[in-house]
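The values are calculated or read from the model by the stated rules, or taken from the named source; none is laboratory data. Because the structure is predicted, anything quoted here is derived from the model rather than measured. All Cβ positions, even for glycine, are placed from backbone atoms using ideal geometry, and neighbour counts span all protein chains on display.
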Amino acid sequence: MIDFSFTILIPLIPFILFLLLGLTSGKMKPVLSGYIGTLGLSVVTVLSYFTAYQYFFNREAGAGVFEKIIPFHTVWIHLTEKLHVDLGILLDPISVMMLVVITTVSLMVHIYSMGYMKGDKGYSRFYAFLSLFSFSMLGLVVAPNIFQMYIFWELVGVSSYLLISYYYEKPSAVSAGKKAFIVTRFADLGFLVGILTLSYISGTFDFVSLTDPQGALITQGTSLTFMGISALTWALTLIFMGGAGKSAMFPLHIWLPDAMEGPTPVSALIHAATMVVAGVYLVARLFPLYYFVAPDALTIVAYVGGFTSLFAAVIACTQTDIKRVLAFSTMSQIGYMMLALGVSGYGGEHGLGYMASMFHLFTHAMFKALLFLGAGAIIHAVHTNNMNEMGGLRKYLPITHITFLIACLTISGIPPFSGFFSKDEILVAAFESNRFLFFVEYAVAGITAFYMFRLYFNVFWGKSTHYHHTPHESPFTMTVPLMVLALASMFTGFIPFTDLVTSNGEAFTLHTNWSVAIPSVLIGMAGIALAWVFYKKETAIPDQLATTLSSPYKWSFNKFYIDEVYLFVTKKIIFDRVSEPIAWFDRHVVDASMNRIAWVTNLASDQIKGLQSGQLQKYGFVFISGVIILTFAFVYFLFN
Amino acid sequence: MLSEIPLSYFLVVSTLMFFIGIYGFLTRRNLITILMAVELILNSVNINFVAFNRYLFPDQLEGHFFSLFIIAVAAAEAAVAIAIIISVYRRYSNIDVERVDTMKF
Amino acid sequence: MDFLTLFVVVPVLTIIGIVFTKNMKQTRLVSAVGMSIQLVLAVALVFMYLAERKAGNAAEMLFSHSYVWFESLNINYIVGVDGISVAMILLTGIVVLTGVFASWKVDFLPREFFISLIFLSSGVFGFFISLDLFTMFLFYEVAVIPMYLLIGIWGTGPKEYSAMKLTLMLMGASALLLVGILGIYFNSNAGGGELTFNIMEIAKVKIPMDAQRMFFPMTFIGFGVLGALFPFHTWSPDGHASAPTAVSMLHAGVLMKLGGYGAFRVAMFLLPEAAQEMAWIFLILTSISVVYGAFGAIFQKDLKYINAYSSVSHCGLVLFAILMMNKAALNGAILQMISHGLMTALFFALIGMIYGRTHTRMIDQLGGLMKVMPILSVSYVIAGLANLGLPGLSGFVAEMTIFFGAFQHPDMFHRILTITAAASIVITAVYILRVVGQILYGPITNEHYLKLDDAHWYERVSTGVLIFAIAGIGLAPLWLSDMINDSLNPIVNQLMQAIVK
């Protein structure tokens, strides 16, 4: 086994790039920062691929399971006598896989942005923030303990905030960044309380000891309960709350559609491929704990995932902003991943859901990034996000068209593209564990195909809209990533995940379950067909359907009014009914009592000053009366 | 002959003078009248001292000496008081004690 | 002359130097030089302290000296430091120096201003080095009284009212504190010794319980008023808002920490049994402070008021952690004092810079400053991120230590309060991002702003030093946390014994 200490460079290089690009941001030519950022990240990508190769394929012959390796760690701070926080690197199947995913997508985004963001005033700032994000995300996935993960979790949140509000002169972008940060912060509060509880029970933050199936935590659990439910279930559910926020699960999903205010490469990197899957990664990281100690929490994970995927898919069918369609699509696909984890077992074949979830994470990252970058190319060409203002673009944007089509076929689960393999395995895992959820996801597969091809046909087919300037294909820097990701979407389905990434590290073989595979392809094709009929040529069918089903249409179009609920709670309740009264109370009650004390003192002083009348005789009177009284008192006490 | 007058008669007289003096001090408006009342008080104390000395300690003379002191001090004090009254008159153009109240709050 | 007394002597010498200066430039120069020397001394102290500890010196207080003052009353001038005092001295050194740089342009009676400021700081340094209750109280008063002049003369807005309110409330707290201190003094011979003001000796004696029950609330509230204990915090919003920049920096950054430090070093250390009994009342009050301050900040429209309420919230967290009375929480409390001190100093410095340029502090009149003043704006964003506890900056380290320490209490009362306090991280994010979005981002609201200039060199020094310190502690907290940890042993032992008795 080689020495993996070099992996410390993987998060370190982007951090140095961030500092470098951030501090020199005004001083060097913008284009240079793009080159430096991209070059630095390509080094990191090469290192990650090398690590993956060494880890997965260069082991001693006969080694059974993939074990966890910790090439580096150092004490960061002592919290209590027992708990101390270490910073380090953990290499195991999922972290190495994530290294590959993150660096690949990040590199594609870096290259793409050289074309997309060209000429933008904040170009250097953009690349600095991209490096910050890459550093944070890489640090998150290689975290050997839950505290380090929390640290980088927050850093990822801030990078996301900075990038969403990148166009900071637009109020909507600023507001979207704020919303994203606050919603995820709220979720992070749950995460923090979960970590507090978990670390109190177990006395450690370390993943290896927490998730060791023979370790103390799993074998003995805890006797602590709160309101009748085991403290460990509480802890893990709260931790999932944190994951649900980052992964935009219902009801903490409201920030994701608004996050589309950021530049499209950002949407591709953060809000499609990497940050949003952090929640899935978190559950996967703690999976043995969930499975053995808190299966109820796992059920919650599955149902939340399932519900979210259906919810988001329905909304995606009516949205007109192409980025928002893709955002809801991301939510839906992450729901798949969560569901797959939720229904999974542990160990070998039972861990099918786990493997499928990770597999889908991998393929989804590729094709979703492709979809977003393609959307960016479209927006770059026609200067609008609204699909009603587009049409017939296949003539003008050939490369974008083909790659986008490949991605749509992938997400719809059509073989031999990768989406088919990963989605199918999720469906099989659901089929074997929870029939209800299986049917939900089956339906969602069809809806997915429908809305994706609705998007495709509306943009590339249909009536050729008259454009102000003729749309032209994107420059080389933008189309090359599209092509690379398209190849990834086509061929990553053949990676033998069952040998590499499984719930307990041991490989297993998968037999195709034709009774699931064939219907899944069929429903995908049905969705495509329906979209073909509705949207390939300009027809009146969609509008007629919208008017006949006006109520469901309105609910879907308005995202089920969840945003309005949140706005009500935050504005009317928190701001008006809590914050304002507190401020009023402070000024008019607490402060007023102080002022009142001063007023009373002044009043007393006013009264007493009357004694100082300047009248000689009054003074004399007081003096004499005092003497007389004292004399009498003296005499009285002397003779008694 | 003096020995047939009880001590208490003298004390009553001096007490009456004392309180008349106090009354005058507290109620009169004219500064000079107030000064006269103060003189009354001082004289009443004189009578007290002499009476006690004569009746209770006839062999000693401290009371008489004290009485002489008081007369001397009263004279000096009257001189100072009149000087002050003259200054007050120059400042306020009247010597009504109720007008002299600039030292109030 | 012992080393520690230098911390009081150098400011006095600086003041004497200022008296001889003839114009503003010379005054500034002398102040900057004097306070730089002070900071160098503070850093040197850190190294000397760590070296002593490494060499194996395990005495409770290092560099200790004692000089007799009033022999009959057993009042002595005693100095000595442990890890906690050293950290606080370092904090004060940094904040005072950056405060001097932030006041570079004070042109109305500059000599008197800098004299008052440095005199105030000498009181603070003296407070941290003294180990005798009387001397401590003396330096405490020295630190509080110049505030009246500083706010009343050089302040803005309703400065007379704010100065009066602040001074009277703090004086009232001092009165209460004095009664408490005297109470401790007169009960300090319980073991059969003589009455003493020496903190270390009083700690060895168990003060009778009824005395403790009477004097613990007095001393705790006396210090707590300065540490923004609800409901005695109202001097803070108006006081900070009306004060000039450096005064706000010094006050929120350092003075409010005197309250926390005093509560810890005097109230809890000397009266541990009463502390154990009565902590729950004050815990509730401090939890209210934390949440109340944060919610109050959301509603405010003036930048300084937002920061003042934020300080109420964070200083409340310090007292909260102190009352949790276990080693980790106490460690977190000290870290939070340092972290918040640096952070709030940075905030007030930046607000002062913005106000100096735009002449308004109302957030609805400000907007789009990121385009015009990028360095200032980025510094403001960093300060905001530190405030909401972003990892990599000091606020996170402090808050996490507090929460994890406090959570170790096995009972639900402490746990629920901990979660309530932790919820403040969300509320803090709300008001910080709201302000940042309103004043820095968005379109420029006033075209006059286009002509404003970015940070000048002295402002860059000021903010740069503070950001460096905040990031330094945030990235590498181990040396600080361990230094504090070792010094916590005496008080933790006291508290543990108090439970056993």
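Values computed for the structure shown
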read-out	value
Qualifying positions in region A:101-155 - in contact (Cβ under 8 Å) with a residue 24 or more places away in the chain and small (G, A, S)	A:S106, A:S113, A:G115, A:G122, A:S124, A:A128, A:S131, A:S134, A:G139, A:A143
Breaking point among (1) over 17 Å from A:I624 (Cβ atoms); (2) more than 12 Å from chain A (Cβ to nearest Cβ), for B:L40	(1)
Every pair of residues 6+ apart whose Cβ atoms lie under 7 Å, when the first sits in region B:26-38 and is closer than 13 Å to B:I95 by Cβ while the second is among the basic types (K, R)	B:I34/B:R28
Single condition B:L31 does not satisfy, out of (1) aliphatic (A, V, I, L, M); (2) modelled with pLDDT under 90; (3) under 20 Å from A:F623 (Cβ atoms)	(2)
Yes/no for B:F69 being without any contact (Cβ under 8 Å) to a residue 24 or more places away in the chain, over 16 Å from B:F10 (Cβ atoms), away from chain A (no Cβ under 14 Å) and in a helix (DSSP H, G or I)	yes
So C:A423, is it within 24 Å of C:I94 (Cβ to Cβ), among the aliphatic types (A, V, I, L, M) and modelled with pLDDT of 90 or more	no
Residue within region C:407-415 that is in a helix (DSSP H, G or I), free of Cβ contacts under 8 Å to residues at least 12 places away in the same chain and either crowded, with 17+ Cβ neighbours inside 10 Å or more than 12 Å from chain A (Cβ to nearest Cβ) (or both) present	yes
Single residue of C:A476, C:A455, C:A398 found to be surrounded by fewer than 24 Cβ atoms within 10 Å (Cβ to Cβ) and in contact with a Leu (Cβ under 6 Å, 6 or more places away or on another chain)	C:A455
Residue satisfying all of: in region C:25-60; in contact (Cβ under 8 Å) with a residue 60 or more places away in the chain and surrounded by fewer than 17 Cβ atoms within 10 Å (Cβ to Cβ); farthest from C:T92 (Cα to Cα) among these	C:E60
Residue in region B:72-105 that is farthest from the other protein chains (Cβ to nearest Cβ), counting only those that are surrounded by 12 or more Cβ atoms within 10 Å (Cβ to Cβ) and among the aromatic types (F, W, Y)	B:Y89
Counted residues, region B:6-34 - those being farther than 14 Å from A:I624 by Cα, within 14 Å of chain A (Cβ to nearest Cβ) and surrounded by fewer than 19 Cβ atoms within 10 Å (Cβ to Cβ)	6
Selection count where residues are part of a helix (DSSP H, G or I) and small (G, A, S), scope region A:82-130	6
Filter pass, C:L120 being out of contact with any strand residue (DSSP E or B) (no Cβ under 7 Å at 6 or more places or on another chain), farther than 30 Å from C:V33 by Cα and in contact (Cβ under 8 Å) with a residue 24 or more places away in the chain	no
Test result for A:L163, among the aliphatic types (A, V, I, L, M), out of contact with any Leu (no Cβ under 7 Å at 6 or more places or on another chain) and more than 26 Å from A:V85 (Cα to Cα)	yes
Of all residues making up region C:291-315, the number that are β-branched (V, I, T) and within 15 Å of C:T344 (Cβ to Cβ)	2
Residue count for region C:145-202, restricted to those that are within 30 Å of C:A243 (Cα to Cα), small (G, A, S) and surrounded by 19 or more Cβ atoms within 10 Å (Cβ to Cβ)	6
Candidate set: region A:180-223, residues that are farther than 30 Å from A:I164 by Cβ and at the interface with chain C (Cβ under 9 Å from one of its Cβ atoms); chosen: the one surrounded by the fewest Cβ atoms within 10 Å (Cβ to Cβ)	A:Y200
Residue tally, condition under 19 Å from the mean Cα position of the chain (by Cα) and surrounded by fewer than 24 Cβ atoms within 10 Å (Cβ to Cβ), over region C:102-121	2
Only one of A:D586, A:D576, A:D563, A:D591 that is surrounded by 10 or more Cβ atoms within 10 Å (Cβ to Cβ), touching a Gly at 6+ places or on another chain (Cβ under 9 Å), under 30 Å from C:T428 (Cβ atoms) and not hydrophobic (A, V, I, L, M, F, W, C)	A:D586
Given (1) within 14 Å of chain A (Cβ to nearest Cβ); (2) touching a residue at least 12 places away in the same chain (Cβ under 8 Å); (3) in contact with a helix residue (DSSP H, G or I) (Cβ under 9 Å, 6 or more places away or on another chain), number of the condition C:P374 does not satisfy	(3)
Residues of region A:603-640 classified as assigned to a helix (DSSP H, G or I), within 13 Å of chain B (Cβ to nearest Cβ) and over 23 Å from B:V38 (Cβ atoms), total	5
Residue check for C:I444: modelled with pLDDT under 85, in contact with a Leu (Cβ under 9 Å, 6 or more places away or on another chain) and either closer than 23 Å to A:D188 by Cβ or within 13 Å of another protein chain (Cβ to nearest Cβ) (or both)	yes
Residues located in region A:133-179, provided they are facing chain C (nearest Cβ under 10 Å), under 14 Å from A:V276 (Cα atoms) and not charged (D, E, K, R)	A:S136, A:F152, A:W153, A:L155, A:G157, A:V158, A:Y161
Within region A:1-38, tally of residues that are of a type outside the set (F, W, Y) and within 22 Å of A:V142 (Cα to Cα)	17
Residue match in region A:349-371 (condition: part of a helix (DSSP H, G or I) and at positive phi)	no
Residue selected from region C:119-168 under the condition at pLDDT below 90 and β-branched (V, I, T), by the criterion nearest to C:H359 (Cα to Cα)	C:T156
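Here's the yes/no breakdown for (1) acidic (D, E); (2) on the phi > 0 side of the Ramachandran plot; (3) more than 9 Å from chain A (Cβ to nearest Cβ); (4) not in a helix (DSSP H, G or I):
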position: C:F348; (1), (2), (3), (4): no, no, yes, no
position: C:Y355; (1), (2), (3), (4): no, no, yes, no
position: C:L366; (1), (2), (3), (4): no, no, yes, yes
position: C:L390; (1), (2), (3), (4): no, no, no, yes
position: C:A398; (1), (2), (3), (4): no, no, yes, no
position: C:L417; (1), (2), (3), (4): no, no, yes, no
position: C:D453; (1), (2), (3), (4): yes, no, yes, yes
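Here is a yes/no grid of residues against (1) among the hydroxyl-bearing types (S, T, Y); (2) within 27 Å of A:M358 (Cα to Cα); (3) modelled with pLDDT of 90 or more; (4) out of contact with any strand residue (DSSP E or B) (no Cβ under 7 Å at 6 or more places or on another chain):
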residue: A:L397; (1), (2), (3), (4): no, no, no, yes
residue: A:H401; (1), (2), (3), (4): no, no, yes, yes
residue: A:S412; (1), (2), (3), (4): yes, yes, yes, yes
residue: A:P415; (1), (2), (3), (4): no, yes, no, yes
residue: A:A429; (1), (2), (3), (4): no, yes, no, yes
residue: A:S433; (1), (2), (3), (4): yes, yes, no, yes
residue: A:V444; (1), (2), (3), (4): no, yes, yes, yes
residue: A:F450; (1), (2), (3), (4): no, yes, yes, yes
residue: A:F453; (1), (2), (3), (4): no, yes, yes, yes
